[in-house]
Structures are given as C-alpha cells and as structure tokens.
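Reviewing the structure listed below.
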Amino acid sequence: MIVRVLGSAAGGGVPQWNCACANCTAARAGDAPHRSSSSFAISATGERFWLVNVSPDIAQQIEAYAPLQPRMERGTPIAGMLLTDANVDHLGGLAVLRQAGDHAFTIYSTPTVRTLATAQEAFATFALPPHRWNSIVPGERFVLDGALAVDVIPIAGLTPGYAGRIPRGDAVVGFAMTDLASGERVLFAPVFMDVTPALVDAASTADAAFFDGSFWSDDELSDVGVAKAARSLGHAPVGGSEGSLAKLRDLPPGARRFYAHLNNTNPLLDERSDAARELRAAAFAIAYDGLELRFGASLRAPEPSVSL
C-alpha cells in the first residue's frame, strides 16, 4: 500500500496569496517549503489510486506526482475520491477534474457531505452518470479494489462556513484504511472539532495517522486580525492542556503520527518554534507535500527535504 501526501496545508496553502504573516513571508523567501491544500492519494498496488479529499490544487499535485499522471492520450489512474467533509478546500478540486469526459469517478461521502457538495453548481456534474456517488455512514466498512478495507470513523465536526457551521453527526468523518494483504493500517482525520473516544480507538490501531493540525491555539487567527476562534471553525487546536496533542500523546508507541492541514498562521510551520519542539518531543511530526509512506514488509518514508 502506498500513501502519498499531495498537500499538507489548510485552504489557501502556504504562502497564502493575501497573507504576509511570518510563515508566508518565509515561504516566499525560500526559507520554508511551499505547501498546497490538504489531500492524500492511496493505492493498494501503485497502479490504481484513490484520493482522500480533492484539493483545489489537485492539478498541480498531479503534475508533481508521476503515478497520478495519465498513461494514455486521455485517461487517469485516479479511480475516485473519499471525502471527509464538505469544506471547499477538500472538494474544490472536483471543479478542476470536470474534464473527466467518459471516465467514471466513484465518490464516497456521507449524505450530508453529498448534499452540500452537489448543491454547488461547480460540482453538480459529479452527481450525474457516468460518475457514481456512494453514501456512507459512520461506523460502516467498505472495500476498495478488493484490497483496501475502509472503516468510516465518526468525528466531532461542523458543516462548513457556507452551510452555517452547524454540528451534525455526519458532517465530518475520518477514514481508517487497512491493507488486506499486510494488515497495516493508516488513519486520515484531517478535520475534527474534538478528540473523541472513537478517534482515539482508531488511532490506537493505526500504523500511521494524519491528524487535524489546522491551528496551534484557539485564538491564533487574532494575530493576523481575524476575529475567529479555531473551535468555532470546527478545528480542535493542537496545543494547550485541552488541545489534541495532549489528548493523543499517550497513544501506543511505534506508529508514525503526523499533523496535516496546517493553516498558514500555525507556529508549527517554523521548526525553530516552541510549538514545533513540543510536537517533536511527543514523537509527532508535520506532514509535508510529497511525503510518501509504503506499507508491506516494513513501513518507510523518504527523508524530508527540510527538517521538520
């Protein structure tokens, strides 16, 4: 099984086009890596891939990863998508993929995510043939390509801003995906409002996990003049006594654990920060664009181009 981090930032990426915060300035100056909006690719064999969320940056992410590029005059090795939520930064790439032609994508999401997504004119075509949209519910399991078992993990979350940020039981889910050949397991939970027992249970049995790293602190956005709290946006902050790191640090040792979906304001993006040192001390790491994990006899990852 291959897992590729296509994008590791929250919506807008790093640098964000309209931001001159310290992290964006460092990225523009070449002192920190650029990051595109969060999404992942997973494959049992390296031939047929599934996307976990579809970033608005999907076109450049495909160009940066040869296995996702077409192998014939028209076509794609992308079989379909699994959506954790209906935030635009996780389904905006559907508009980019609208030239699919006769290629049929299979999309998995909860009914709430499907309703919100297909109500948007830019994505409505994906509710029509030849595409296939499968509704899923938290707690169920389905299998991709006869090789990847997917457990749908219930997550504490909100509908996106354009839908009122209302708490709903199927507004956000996570995916725990098991390679049926090797038994190895990876968890994707790039959005959550709190660390629940179900999330802890899923993380406890994962060989690798990706968690919501949007914000380090609840009031982080105030530093750039935005009067919004992290939790009000549906994201548990990483730091602090009630943050996700405090609730996840006692997971069983031995797995690879990453924070992804980082907002451009997050001090974790500066490897010299106190926040980054605290994360490393807890044996967690920051995901980066291009990180690749290969599952089989062993789990390995290439060295990052920048130490994080």
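Picking from residues in the range 191-244 that are β-branched (Val, Ile, Thr) and over 15 Å from Ile153 (Cβ atoms), the one that is surrounded by the fewest Cβ atoms within 10 Å (Cβ to Cβ) is Val226. Evaluate the following for Asp274: is it surrounded by fewer than 22 Cβ atoms within 10 Å (Cβ to Cβ), within 25 Å of Ala20 (Cβ to Cβ) and at pLDDT below 95? Against the criterion (surrounded by fewer than 22 Cβ atoms within 10 Å (Cβ to Cβ), within 25 Å of Ala20 (Cβ to Cβ) and at pLDDT below 95), Asp274 does not qualify.
Per this entry, Arg48 is not counted among residues that are in contact (Cβ under 8 Å) with a residue 12 or more places away in the chain and touching a Gly at 6+ places or on another chain (Cβ under 8 Å).
Note on the range 130-141: residues that are surrounded by fewer than 16 Cβ atoms within 10 Å (Cβ to Cβ) and either of a type in the set (D, E, K, R) or touching a residue at least 24 places away in the same chain (Cβ under 8 Å) (or both) amount to 7. For the range 106-147, taking the residues that are part of a loop (DSSP other than H, G, I, E, B) and of a type in the set (D, E, K, R), the one that is nearest to Gly92 (Cα to Cα) is identified as Glu121.
So that you can scan it fast, the table gives a plain yes or no per residue for (1) in a loop (DSSP other than H, G, I, E, B); (2) touching a residue at least 40 places away in the same chain (Cβ under 8 Å); (3) among the hydroxyl-bearing types (Ser, Thr, Tyr); (4) surrounded by fewer than 20 Cβ atoms within 10 Å (Cβ to Cβ):
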{"site": "Val5", "(1), (2), (3), (4)": "no, yes, no, no"}
{"site": "Ala20", "(1), (2), (3), (4)": "yes, no, no, yes"}
{"site": "Thr25", "(1), (2), (3), (4)": "no, no, yes, yes"}
{"site": "Gly30", "(1), (2), (3), (4)": "yes, no, no, yes"}
{"site": "Pro33", "(1), (2), (3), (4)": "yes, yes, no, yes"}
{"site": "Ile42", "(1), (2), (3), (4)": "no, yes, no, no"}
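The listed residues are Ala176, Ala189, Ala227, Ala246, and the only one of them that is within 26 Å of Leu269 (Cβ to Cβ), among the hydrophobic types (A, V, I, L, M, F, W, C) and touching a strand residue (DSSP E or B) at 6+ places or on another chain (Cβ under 6 Å) turns out to be Ala189.
Looking at the range 142-152, can you tell me whether even one residue there is of a type in the set (Phe, Trp, Tyr) and surrounded by 22 or more Cβ atoms within 10 Å (Cβ to Cβ)? Checked the range 142-152: no residue is of a type in the set (Phe, Trp, Tyr) and surrounded by 22 or more Cβ atoms within 10 Å (Cβ to Cβ).
Applying the condition of being among the charged types (D, E, K, R) and at pLDDT below 95 to the range 72-94 and asking which residue is nearest to Ser8 (Cα to Cα) yields Asp89.
The values are calculated or read from the model by the stated rules, or taken from the named source; none is laboratory data. The model shown is predicted, which means the values in this text are computed figures rather than measured ones. Using ideal geometry, Cβ is built from the backbone for each residue, glycine included, and neighbour counts are taken over all protein chains shown.
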